[in-house]
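Okay, structure first, notes after.
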Amino acid sequence: MMSIASMGSNGRPSTDEGDECEATKTAISSYLEREEEIERKKMEVKERVESQLNRAEEETRRLAQVWEELEVLTDPMRKEVGAVRKKIDLANRDLKSLAQICNKKEKEYKEAMETFKEKNNEKAQLTNTLVEHPFLSEIPAVITRHRFLRWVSWFYLCIKEYRVYELCLKLALCQWLLLKQYYKFVVEIYVTFLVQSPFSADLGQGLILGLFSCQFPRSVTSNRLGLSRCNCERAESLRGLTSEDGFGTSNGGIHGNGTILREGNTDSIEDEAWDLLRESIVYYCNSPVGTIAAKDPSESINVLNYDHVFIRDFIPSGIAFLLKGEYDIVRNFLLHTLQLQSWEKTMDCHSPGQGLMPASFKVRTVPLEGDDTATEEILDPDFGEAAIGRVAPVDSGLWWIILLRAYGKCSGDRSVEERIDVQTGIKMILRLCLADGFDMFPTLLALFYSALLCAREMLAPEDGSADLIRALNNRLVALSFHIREYYWIDMKKLNEIYRYKTEEYSYDAVNKFNIYPDQIPPWLVEWMPHTGGYLIGNLQPAHMDFRFFSLGNLWSVVSNLATPEQSHDILDLIEAKWSDLVADMPFKICYPALEDKEWQIITGCDPKNTPWSYHNGGSWPTLLWQLTVACIKMGRPEIAERAIKTAEKRISKDKWPEYYDTKKARFIGKQARLFQTWSIAGYLVSKLLLSNPNSAKMLTTEEDSELVNAFSCAVSGSSPRRKRGPKSSQNQKSYII
């Protein structure tokens, strides 16, 4: 038998070798434990060091704050002096630019004075020539030479820009020597006038008629000749001339029976509209600043506030003047209304908010302080204190921004929107509109969207505007997503609503607002065409206002709030429902009207808003220009042309009313003012835009690629099954207000 020792030598583990293995393992494990303990102590030391370093940094910051406080105690005016120095630097910068402008204007003034002296010399030579003319002795005795020469001087002022001095002399003589032998002479003058001047034949006929009637159309005396004179200039050039001198009223007059007398025959509706628009111009300190709401001679006593300049009402007037190349009145309007912007004004002890633009203003003449014999003109704004229901003018600021952009695009004058006060005004309007708790009617959301796009285009890039622009962009994305997704309705969407399930509780709910199919009104089932659609009036939980509101839908097209497909569908619906939305006079403000119980509950039995009248389904001619802009933008101007032809059949004969009543717009509105300025201006803008469609770009906005991408992300990220939980704090700061 083999011994135990021999077994160990043959490769089998002996007892000593096993003990050695165990000792090795124990040593390794103890080594690892010691290494872990060393590492743990190292981390503890590191944490202590870091905490000490953080405490040192905190003490350093605290020491710095104490040091600053000590410096302030040493020199308490240091901060104020620094702020004042900054303001002084800004003022010096502005003064430097103003000095350059003043130098430029001074040079222009000197050149104008030299030209003025030359013209005066030419005028004196012409007068001397006329005095020595042999025909002067043949003037009837009842006409004094002095009065005759004053007439010639005035006529010379009208046409001197075209250097037809000999013609001026002939026309002057013909005014007073209307004998048979001069008839041929008058015809010769007429032909000569057309050859030597760029005037139209109609204007030449107007001049000849003026010779025999002693009255000259305003278009002859000022507008067509490019003379944009204010009241004081007109008074200076015609001082001392009365009707006895052969002159009628310079601005037209109102006859005793209430009809308006104009200085000449109107050859077309368009000419009549221009005459009426110019008669509505309001002057402040001898400069045109706007147009009154209406000049209805039948309401000369009870004018209410129709003699005010309304921000909203002036928009079509301003666009008409811009398209005509008359920029001064629009510039004056923008800057003067900016001065009226609310800072601290209150209404019934409740502040309307900084940045609110007035609804309207009126030029008033008041006694000058300290001098009872002298007077001065002031602009008296109305922020809704005198309005029916004391409604604050929410949309005035939006329209002001849109007109400001249109002025810059049309005139090429970007200096107005770059001014510090204008930039401040834009920011104040935006802060008001983007503030918490600010609310507006859903029908104004399209206008709001357009104003935000215009403001973003004009805002100067600076540090103080970064947060505002971020908030603006966030609101644009949210607004476009909400309107396009939830407000759109066509036959397909209507059928989906008809099949909605209600009381859904899940993230996958299709009927997100819990709309009951029974809410679909019977009129809509029959009225909705197979091709076309529109944006509804309002959307709330369990309620949809299915009415068609014209302003919101047209401005959704103009501002790209609606997609291109939706925009074409809106115009398709207008064509399909022409007999309802246009009928005898464009354009229905909404369709259909509220009737019976709905009218009683929603309007409070308002007698002015009876069914198919005023804001409850009335037809408003001023919407014609907004329809035209939308049609031109989508390349379908024939729709606007058709609407204009419909309007031209009646609007002039009806004396340009404010709105029309009845379902087919057959009656003039029961309380509508005649010669309503925005009805007149809306027609003119439509005609001017159709004659030059490219000019509509000053009002439209193109599709923004950034907004499209953001909208796509919003659609793709709107999955109802998103996880709940805290958002990552990194890059998640929101500025949607």
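If you split all Cα-Cα distances of the stretch 461-513 into 5 Å bins from zero, what percentages do you get per bin, shortest first?
In whole percents, the pair-distance histogram is 4, 16, 15, 16, 14, 11, 8, 7, 6, 4, 0.
Output the relative contact order of the stretch 402-492, whole-number percent, from Cα pairs under 8 angstrom with separation of 6+ residues.
Relative contact order here is 31 percent.
Could you list the chymotrypsin sites (Phe, Trp or Tyr not before Pro) in the stretch 509-606 that lie in coil according to DSSP, counting only those with at most 14 other Cβ atoms within 10 Å of their Cβ? Provide the component values of the computation, followed by the final result.
Details: sites: PHE513, TRP523, TRP527, TYR534, PHE546, PHE548, PHE549, TRP555, TRP578, PHE587, TRP599; in loops: PHE513, PHE587.
Hits after loop and neighbour filter: PHE513.
At 37 °C and a viscosity of 0.692 mPa s, what translational diffusion coefficient does Stokes-Einstein give for the stretch 557-630, taking Rh as the Kirkwood radius over Cα pairs? Give it in µm²/s as a whole number.
After rounding, the answer is 243 µm²/s.
Among the trypsin sites (Lys or Arg not before Pro) in the stretch 462-556, which ones are in a DSSP loop with at most 16 other Cβ atoms within 10 Å of the Cβ? Mind listing them?
Here the sparse-neighbourhood loop sites are ARG499, LYS501, LYS512.
Per 10 Å bin, what is the whole-percent P(r) computed from every C-alpha pair distance within the stretch 612-683?
Taking every Cα pair in the stretch 612-683, the percentages come to 21, 51, 25, 2.
Mind giving me the nanometre distance, one decimal, between the label points for LEU90 and TYR31, set 7 Å out from Cα along Cα→Cβ?
7.3 nm
Using every alpha carbon pair in the stretch 430-566, what percent of pairs falls into each 5 Å bin from 0 up to the bin containing the largest distance?
Pairs per bin, as whole percents: 2, 9, 17, 20, 17, 14, 10, 6, 3, 2, 0.
Rounded to two decimals, what is Rg over Rh for the stretch 267-343 when you use alpha-carbon atoms and the Kirkwood radius?
Ratio of gyration radius to Kirkwood radius for the stretch 267-343: 0.99.
Of the cross-linked pairs LYS295/LYS687; LYS104/LYS324; LYS649/LYS670; LYS86/LYS362; LYS588/LYS655, which ones have a Cα-Cα span greater than 30 Å in the structure shown?
LYS86/LYS362
Please compute the modelled spin-label separation between CYS102 and THR60, points set 7 Å along Cα→Cβ, answer in nm with one decimal.
According to this spin-label approximation, the distance is 5.1 nm.
For the stretch 417-512, run through the GluC sites (Glu not before Pro) and keep only the ones in DSSP coil with at most 15 other Cβ atoms within 10 Å of their Cβ.
Qualifying residues, ordered by number: GLU462, GLU503, GLU504.
Every number in this text was worked out from the coordinates using simple rules, so none of it is lab data. Here the structure is a predicted model, which is why all the values come from computation and not from measurement. Here Cβ is always computed from backbone atoms with ideal geometry, including for glycine, and neighbour counts include all displayed protein chains.
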